[in-house]
Amino acid sequence: MNKPKFIPSIKLSLLAKFSLTSFFILTAIAMAFAWGIQRHLEKMALQQEAKNAAEQVATLLNPNLRLADMEGSLDPVRYEQIDALIRQNILSKHIVRIKIWNRNGIVVYSDKKDLVGRRFPVEEELREALDGKMAMEISNLEKEENVSERGLYSRLMEIYVPLQPIDSPQVAGAYEIYHDLSVLESHLAEMRRFVWASIGLGFIILY
């Protein structure tokens, strides 16, 4: 007895549906996996960059600061000493600005003199640094104090580092380091391309 002719077409239809469904499922999994790996690698790269900048600043400035410097606005002579140290040894194409805060949220030093002595709200990242932990955030330059950076940089990484003067037994303030991310962007873009190309190739082989 001959089998009905429509059975092969039914099998073909089911195979096509399975193939299409599996394609979309694997595509979704591959994209989610690639996005997760990309985010993780970007986070690690930014954290390492922040750590390097924090260590550079702390190594140079901690031995040169005293607890008395953190009480309020620096006198002109002391300001010039610290300003010269920062400009000659720290500010670069990577680190574009430095602020020093005391525990009361007052700017003790800034390379922009008009910010010195001003009090700002103690935000979460600054509070973490005052508690002894390094913190960072990516700034799109929307804050009031970022007016001068707009147009010069697209994004800055603001790194908050605990400050412990040489004559202080505890954290007496914090550094705020402005790190230009444009230097790192090409590396991050290359890393993204590598991640997506590798996972895309793996997806094709798996499929």
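Derivation of every value follows stated rules applied to the coordinates shown; laboratory data play no part. What you see is a predicted model; the values in this text were computed from it and never measured.
Some observations on this one:
- Projected-area average for segment 36-93 over all orientations - Cα convex hull basis, square nanometres: 5.5 nm²
- Screening the chain for whole DSSP H helices of 18 Å or more along their axis (Cα) with average Kyte-Doolittle hydropathy at least -0.5 returns 6-61, 182-206.
- 25 Å Cα cut-off, lysine pairs counted over the chain (separation 8 or more, or different chains): 23
- Debye intensity ratio I(q)/I(0), log10, the chain, q values 0.08, 0.10, 0.19 Å⁻¹ (C-alpha model): -0.42, -0.55, -1.31
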